[in-house]
Amino acid sequence: MVRKAVALVEARHLFRLDNEVLAFRFTATLSDRAGAAPYERLSGPGRLRLWLRAAGLGVPDVSPAAFQDALSLREAIYRAGLAVTRTRRPDPGDAAILNSTATAGHPAPALDHGLAVWRLSEEAPVPDALAVLAADAIHVLGGPDRHRIKACEGPGCAGLFLDTSRGANRRWCSMNTCGNRVKKARLAHK
């Protein structure tokens, strides 16, 4: 139990885990996408394993091939989400990646101690975890709230988020990061 707590603290330090949409939280593992130097937070299979554990999709190990599959999925989700923010349909190739990944795994939803969790198979836990991420992306990108998907207006960010504000006027992926940066910059210029 102590190891899990330490891993979660480490994950919170390395990753941005504040996005309400799991699939968009995954795309945030590459941050500052619109900046001069995007920052890759998934530097290898071990980092993906740590992120998956923090997302409630713990896997015992991640192979180099599964790591590449995860990066391909992440970028397909991001490109499809960006297309939706521009009121366009996602590229058919990106949709194909989402659809095939969602059906490649066999995760099972379960109620565990009163909480919704995903049960991953022992035979293919990483494809199961990626299937959860792909299905979440499909649900959001093709769902009734797709018109509320936005890209962050924070300097260099461009992270995806679902604007659930009453007036649909949210501009930043997170007030704690991008929103505060913009407000601090405004105060500095006064």
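The values are calculated or read from the model by the stated rules, or taken from the named source; none is laboratory data. Keep in mind it's a predicted model, so treat the numbers as computed, not measured. Heads up, the Cβs are rebuilt from the backbone with ideal geometry, glycines too, and the neighbour counts pull from every protein chain shown. We work out accessible area using only protein heavy atoms, side chains counted, and drop any ligands, DNA or RNA first. Shrake-Rupley method; radii C 1.70, N 1.55, O 1.52, S 1.80 Å.
Residue check: is Val59 surrounded by 14 or more Cβ atoms within 10 Å (Cβ to Cβ) and touching a Pro at 6+ places or on another chain (Cβ under 7 Å)? Let's see the steps before the verdict.
Details: surrounded by 14 or more Cβ atoms within 10 Å (Cβ to Cβ): yes; touching a Pro at 6+ places or on another chain (Cβ under 7 Å): yes.
Yes.
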- prompt: Can you name every residue in the range 72-116 that is without any contact (Cβ under 8 Å) to a residue 12 or more places away in the chain, in a helix (DSSP H, G or I) and touching a Lys or Arg at 6+ places or on another chain (Cβ under 7 Å)?
  reply: Ala83
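Out of the range 134-163, which residues are over 23 Å from Cys178 (Cβ atoms), in a helix (DSSP H, G or I) and not β-branched (Val, Ile, Thr)? Even if it seems obvious, please write down each step before you answer.
Of all residues in the range 134-163, those over 23 Å from Cys178 (Cβ atoms) come to 134-135, 138-139, 142-144.
Retained after the next criterion (residues that are in a helix (DSSP H, G or I)): 134-135, 138-139.
Correct list: Ala134, Ala135, His139.
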- request: Return yes or no: is His113 modelled with pLDDT of 95 or more, open to solvent by 30 Å² or more (accessible area, probe 1.4 Å) and not acidic (Asp, Glu)?
  value: no
- line: Out of (1) out of contact with any strand residue (DSSP E or B) (no Cβ under 6 Å at 6 or more places or on another chain); (2) among the small types (Gly, Ala, Ser); (3) surrounded by 19 or more Cβ atoms within 10 Å (Cβ to Cβ), the one Gly81 does not meet is (1)
field: Meets criteria (open to solvent by 30 Å² or more (accessible area, probe 1.4 Å) and more than 21 Å from Asp18 (Cβ to Cβ)) for Gly105
entry: no
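If you take the residues in the range 12-56 that are among the small types (Gly, Ala, Ser) and not in a loop (DSSP other than H, G, I, E, B), which one is surrounded by the fewest Cβ atoms within 10 Å (Cβ to Cβ)? Step through it out loud before you land on a result.
Kept after step one, since they are among the small types (Gly, Ala, Ser), are these residues of the range 12-56: 23, 28, 31, 34-37, 43-44, 46, 54-56.
So of that shortlist, the ones also not in a loop (DSSP other than H, G, I, E, B) come out as 23, 31, 46, 54.
Values: Ala23: 26, Ser31: 19, Gly46: 12, Ala54: 20.
That would be Gly46.
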Qualifying positions in the range 64-115 - within 18 Å of Asp128 (Cβ to Cβ) and among the β-branched types (Val, Ile, Thr): Ile77, Ile97, Thr101, Thr103
message: Every residue in the range 64-83 that is over 17 Å from Ala28 (Cα atoms) and in contact with a Pro (Cβ under 8 Å, 6 or more places away or on another chain), please.
response: Pro64, Ala66
- request: Of the conditions (1) under 15 Å from the mean Cα position of the chain (by Cα); (2) open to solvent by 40 Å² or more (accessible area, probe 1.4 Å); (3) on the phi < 0 side of the Ramachandran plot, Ala65 clears all except one; give me its number.
  value: (1)
